[in-house]
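Written out below as structure tokens is the structure these notes cover.
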Amino acid sequence: MNLLGIDIGGTKTSVCVGTEEGTIVASQRMQTGPGDSLDVYFGQLKALADATIVEAGLSAADIEMVGISAPGPLNARKGILIAPPNNPGWKDVPVVAKVSEMFDAPVRLENDANAAALAEYRFGEFRGVQDLVYLTFSTGMGAGIIANGRLLRGASDMGGEVGHHCVEPDGETCGCGKPGCFEAYVGGRTVAERLKAKIRAENITTAIVDKAGGDIDSVDHKAFADAAREGDPFAVAEWDDFTERLAQGISNVIMILNPQAVVLGTIAVYEGDFVLRPLRQKLPKYTWKWALDACTINASALGKSIGDLGAIAVALTED
Ligand SMILES: [Zn+2]
């Protein structure tokens, strides 16, 4: 089966041709600018899709299903991107209708976290596992939930907004405006912002700044991890807090959903056991043994292809 996957990201769009077994036959990408009009964008997308299909040795008529993965908020049922983060000027973009004009094939849409969960469910280490949670664990913390073998979307496509459940009522204000969200404690962007503010306010000398090239403004999650790994005392203490919050939030997910697998994305893929080991050590404090014993917690093994595979998995998911 010839499937077309479109992965719309913050600064780039990737198009791939793949099969139902998860083989990516061809893949191409383009940068997207915040000033682009919708007509310009969809014109470029069509050209990119055509080029990718040619690279795969096919023609547009050979495409049997199309899947689109895009950042939320979106309405999957209506096929609309509500407020695409890559372009502040866009609102309520009918992306499924636009792409449907290009191909004589069904077109489906999911948010990127759900798409990644579907990729894990179809093609990942835990393929076929009926209860699986994928956590994006990148600049933010999103989730895709497979429950009883089906994607859990919820009543208004808000199912899986794990990053915005509260872990600290009097805590930090999240980017979403709510107090103490999980994402405010474990999202790569907010963690880095908080570290920068703390280093400045308390005039802390730490290897985190060295790892960022000596520039506080350049501190990111990688600099944080690198300094903690080398034993910098401030970074080690902060890493301990960070993994404690991670365990707290993931425990809530495990206690509510009782999944067989929790698969973690970006940060866990890069940091591996340095984040997974303390996480696994801390989980029993917050989680019932019977739920924890049933659950394997690993980094995603799909690597960089998870975006393409997610879009292909969306194409294959009928409801
Ligand atoms: Zn929030």
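What follows draws every value from the coordinates through simple rules; no lab data is involved. Quick caveat, the model's predicted, so the values are computed rather than measured. Using ideal geometry, Cβ is built from the backbone for each residue, glycine included, and neighbour counts are taken over all protein chains shown.
One-quarter of the Cα convex hull surface for the stretch 200-300, in nm²?
Its Cα hull, projected and averaged over all orientations, spans 6.8 nm².
Restricting to the stretch 22-171, what percent of DSSP beta bridges are antiparallel, rounded to 5?
65 percent
Restricting the count to DSSP beta bridges whose residues both fall in the chain, what percent are antiparallel, rounded to a multiple of 5?
Expressed as a percentage, antiparallel bridges in the chain total about 55.
Using only the Cα atoms of the stretch 191-240, build the gyration tensor, take square roots of its eigenvalues as a ≥ b ≥ c, and label the shape rounded, prolate or oblate: rounded if a/c is under 1.5, else prolate if a/b is larger than b/c, else oblate.
rounded
Relative to the longest principal Cα axis of the chain, at what angle does helix 306-316 sit, 0 to 90 degrees, rounded to 10?
For 306-316 against the chain, the angle is about 50 degrees.
Going by the alpha-carbon gyration tensor, a ≥ b ≥ c the square roots of its eigenvalues, is the chain rounded (a/c under 1.5) or, if a/c is not under 1.5, prolate (a/b greater than b/c) versus oblate?
Prolate, because a/c is 1.5 or more and a/b exceeds b/c.
For Ile312, Ile82, what's the fewest-to-most ordering of other Cβ within 10 Å of each Cβ?
The most exposed by this proxy come first: Ile82, Ile312.
Rounding to the nearest 20 debye, state how big the charge dipole of the chain is about its Cα centre with +1 on each Lys and Arg Cβ and -1 on each Asp and Glu Cβ.
Its charge dipole is roughly 420 debye.
Once phi is turned into θ = phi - 60°, what whole-Hz ³J(HN,Hα) does the Karplus curve with 6.51, -1.76 and 1.60 give for every residue of the stretch 262-271, x standing for Gly and Pro?
10, 10, 9, x, 2, 5, 5, 5, 6, 8
Using helices alone, what [θ] at 222 nm do you get for the chain, with -39,500 (n - 2.57) per DSSP H run of 4 or more residues, divided over all residues and rounded to the nearest 500?
Value at 222 nm, helices only: -12500 deg cm²/dmol.
So how tilted is helix 38-55 from the main axis of the chain? Cα-based, degrees 0 to 90, rounded to 10.
Value to nearest ten degrees: 80.
If amide H atoms are built 1.01 Å from N in the plane of the peptide, which residues on other chains or at least 5 residues away come under 5 Å of the amide H of Thr296?
Ala261, Val262
Check Ile80: other-chain or 5+ apart residues with amide H under 5 Å from its amide H, H built from backbone geometry?
It is Asn75, by chain and number.
Between rounded, prolate and oblate, where does the stretch 1-143 land on the alpha carbon gyration tensor, with a ≥ b ≥ c its root eigenvalues, rounded for a/c under 1.5, else prolate if a/b exceeds b/c?
Taking the square roots of the gyration eigenvalues as a ≥ b ≥ c, the stretch 1-143 is oblate.
In whole Hz, what ³J(HN,Hα) sequence does the stretch 195-207 give by Karplus (6.51, -1.76, 1.60; θ = phi - 60°), x for Gly and Pro?
Computed from phi, the couplings for the stretch 195-207 are 4, 4, 4, 5, 4, 5, 4, 9, 6, 7, 8, 8, 5 Hz.
Taking every pair of distinct Cα atoms and averaging 1/r, then inverting, what Kirkwood hydrodynamic radius in Å comes out for the stretch 107-212?
15.5 Å
How do 130-142, 54-66 rank on mean C-beta neighbours within 10 Å, highest first?
130-142, 54-66
Can you tell me the 0 to 90 degree angle between the C-alpha axis of helix 112-123 and the longest principal axis of the chain, rounded to 10?
80 degrees
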